[in-house]
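Participant: One structure coming up, written as structure tokens, with questions to follow.
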Amino acid sequence: MTFAGSPDRVEARLVPEAGFELDTFRVSGLPRRPGVAQARAALRALAAPAACERILGRRRPDAVLGGGGYVSGPMVLAAARRRIPAALMEADAHLGLANRLAAPFARRVFLSFPIPGREPPKYRVTGRPIPARSQPVPRKEARRLFDLPQEGPVLLVAGGSLGARALNDLAIESFGSAGPAVLHLSGEGEHERLRGRVSRADYRLLPFTYDYGAALGAADLVLSRAGGGVWELAAAGKPAILVPYPLATADHQTKNARYFQTAGGAILVPESELGRVPEIVRSLLGDARRLEEMGAAMRRAARPGAAGEIAEELMGLAAARG
């Protein structure tokens, strides 16, 4: 297995660090506003399929999997030209523009959520693969790792790798001086701004953690955005308060959150109603039975076998080609 992607994105660092080979080609997202950046992106998009064909010619793969987003499109198109079976993954409850454009060239599209009008056999709902680092760690061990109290409730606040300013400010203002123990992953861009506003030892403010499974294991309740990472909460059986990012494309985070709210494992709170969150947190952390019911609902909604399902389907596509 090898990877392909942009030399300007995070995969250029993460893939070699994980011990895999990476082939790179130039491609960038297409800005919505006309201008020089849009023209440059369009030129790169036109040149990218040829670069991808050269990569495929060297690697001679039996199948290609696109992870979604604009980097996947040129490679899936190049695979179709070479009659190599290709598949796509969609992390959200809305099929993104890049995947909509690439889907005609793919044999399968693996959906995290059911999407109306996207039906089998081409479209298959598998859930979203969960990184190994997100597998939950036993509570006692997890709390020791983050120097959190062994007894009493813990709230995990997670706004994503870049942070979510609205959630960060709400958590600090509501619980920075008093309240339940908190493990707050602020995002690297927000940490310096917030660190001076915490005044108690059991409020652990960190920019991020590589041990996300331990963060989940330590928590009784999670406050977060509603991107594709909600599947990690579900796999860990963690009740959640989900505040969708209001500017997400096609409001896909609200669709993600609504799926888990309907399942009974989460409470959806629009950002315009963020002031309701502290009381919801206190109410849930004081109701062990409700937390247990929501956790069980999250586990029922989870798809822990997503990675295996996708791998088996890919091997089937490759075998059919042979």
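Participant: Could you identify the single residue in Arg83, Arg100 that is open to solvent by 20 Å² or more (accessible area, probe 1.4 Å), in contact (Cβ under 8 Å) with a residue 12 or more places away in the chain and more than 19 Å from Ile310 (Cβ to Cβ)?
Facilitator: Arg83
Participant: When you scan the range 169-179, do you find a residue that is of a type in the set (Phe, Trp, Tyr), farther than 18 Å from Arg282 by Cα and touching a strand residue (DSSP E or B) at 6+ places or on another chain (Cβ under 8 Å), even just one? If you could, list the steps in order and put the result at the bottom.
Facilitator: Step one: filter the range 169-179 for residues of a type in the set (Phe, Trp, Tyr), giving 175.
Restricting the remaining residues to those that are farther than 18 Å from Arg282 by Cα gives none.
Within the range 169-179, none of the residues are of a type in the set (Phe, Trp, Tyr), farther than 18 Å from Arg282 by Cα and touching a strand residue (DSSP E or B) at 6+ places or on another chain (Cβ under 8 Å).
Participant: Another question, then. Tell me, which helices (runs of 4 or more DSSP H) wholly within the range 25-112 include 2 or more residues that are β-branched (Val, Ile, Thr)?
Facilitator: Output list reads 36-59.
Participant: Which condition number does Leu268 fail, the rest of (1) without any contact (Cβ under 8 Å) to a residue 12 or more places away in the chain; (2) in contact with a strand residue (DSSP E or B) (Cβ under 9 Å, 6 or more places away or on another chain) being met?
Facilitator: Among (1) without any contact (Cβ under 8 Å) to a residue 12 or more places away in the chain; (2) in contact with a strand residue (DSSP E or B) (Cβ under 9 Å, 6 or more places away or on another chain), Leu268 violates only (1).
Participant: Out of the residues in the range 180-208 meeting the condition of being among the aliphatic types (A, V, I, L, M) and in contact with a strand residue (DSSP E or B) (Cβ under 7 Å, 6 or more places away or on another chain), tell me which one is farthest from Val277 (Cα to Cα).
Facilitator: Leu206
Participant: Take Val230 and tell me if it is open to solvent by less than 20 Å² (accessible area, probe 1.4 Å), under 20 Å from Ser186 (Cα atoms), among the hydrophobic types (A, V, I, L, M, F, W, C) and over 16 Å from the mean Cα position of the chain (by Cα).
Facilitator: No, not satisfied.
Participant: Anything in the range 283-304 that is over 22 Å from Gly228 (Cα atoms), of a type outside the set (A, V, I, L, M, F, W, C) and out of contact with any Ser or Thr (no Cβ under 9 Å at 6 or more places or on another chain)? List them, or say none.
Facilitator: Passing the criteria: Ser283, Gly286, Asp287, Arg289, Glu292, Glu293.
Participant: To continue, here is another question. Need the failing condition index for Ala263 against (1) in contact with a helix residue (DSSP H, G or I) (Cβ under 6 Å, 6 or more places away or on another chain); (2) under 24 Å from Gly96 (Cα atoms); (3) touching a residue at least 60 places away in the same chain (Cβ under 8 Å), just the number.
Facilitator: For Ala263, the exception is condition (3).
Participant: Continuing with the same structure: What's the total number of residues in the range 1-24 that are touching a strand residue (DSSP E or B) at 6+ places or on another chain (Cβ under 8 Å), part of a loop (DSSP other than H, G, I, E, B) and either farther than 22 Å from Ala311 by Cβ or at pLDDT below 95 (or both)?
Facilitator: Going residue by residue through the range 1-24, those that are touching a strand residue (DSSP E or B) at 6+ places or on another chain (Cβ under 8 Å) are 2-7, 11-12, 15-16, 20-24.
Next, from what is left, pick out any that are part of a loop (DSSP other than H, G, I, E, B): 2, 6-7, 20-21.
After this cut, where a residue has to be either farther than 22 Å from Ala311 by Cβ or at pLDDT below 95 (or both) as well, the list is 6-7.
The qualifying residues number 2.
Participant: Considering the range 43-80 alone, what residues qualify as being on the phi > 0 side of the Ramachandran plot and among the charged types (D, E, K, R)?
Facilitator: Listed by number, the list holds a single entry, Arg60.
Participant: Moving on. Is at least one residue of the range 113-129 aromatic (Phe, Trp, Tyr) and part of a strand (DSSP E or B)?
Facilitator: Checking the range 113-129: at least one residue is aromatic (Phe, Trp, Tyr) and part of a strand (DSSP E or B).
For (1) in a helix (DSSP H, G or I); (2) touching a Phe, Trp or Tyr at 6+ places or on another chain (Cβ under 7 Å); (3) under 13 Å from Ala240 (Cβ atoms), each residue gets a yes or a no:
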{"position": "Gln253", "(1), (2), (3)": "yes, yes, yes"}
{"position": "Ile267", "(1), (2), (3)": "no, no, yes"}
{"position": "Ile280", "(1), (2), (3)": "yes, no, yes"}
{"position": "Gly295", "(1), (2), (3)": "yes, no, yes"}
{"position": "Arg300", "(1), (2), (3)": "yes, no, no"}
{"position": "Ile310", "(1), (2), (3)": "yes, yes, no"}
{"position": "Glu313", "(1), (2), (3)": "yes, no, no"}
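Participant: In the range 247-258, how many are farther than 24 Å from Leu285 by Cβ and open to solvent by 70 Å² or more (accessible area, probe 1.4 Å)?
Facilitator: Number satisfying all stated conditions: 3.
Participant: Among the residues of the range 1-40, count how many are of a type outside the set (A, V, I, L, M), in contact with a helix residue (DSSP H, G or I) (Cβ under 9 Å, 6 or more places away or on another chain) and surrounded by 13 or more Cβ atoms within 10 Å (Cβ to Cβ).
Facilitator: 10
Participant: Does the range 227-257 hold any residues that are of a type in the set (Ser, Thr, Tyr) and free of Cβ contacts under 8 Å to residues at least 40 places away in the same chain, and which are they? Don't jump to the end; show me each part of the working.
Facilitator: Looking only at the range 227-257, we keep the residues that are of a type in the set (Ser, Thr, Tyr), and these are 245, 249, 254.
Within the range 227-257, just Thr254 meets the criteria.
The values are calculated or read from the model by the stated rules, or taken from the named source; none is laboratory data. Keep in mind it's a predicted model, so treat the numbers as computed, not measured. All Cβ positions, glycine included, derive from the backbone under ideal geometry; neighbour counts span all protein chains shown. Ligands, DNA and RNA are excluded from the accessible area calculation, which covers all protein heavy atoms including side chains. Shrake-Rupley method; radii C 1.70, N 1.55, O 1.52, S 1.80 Å.
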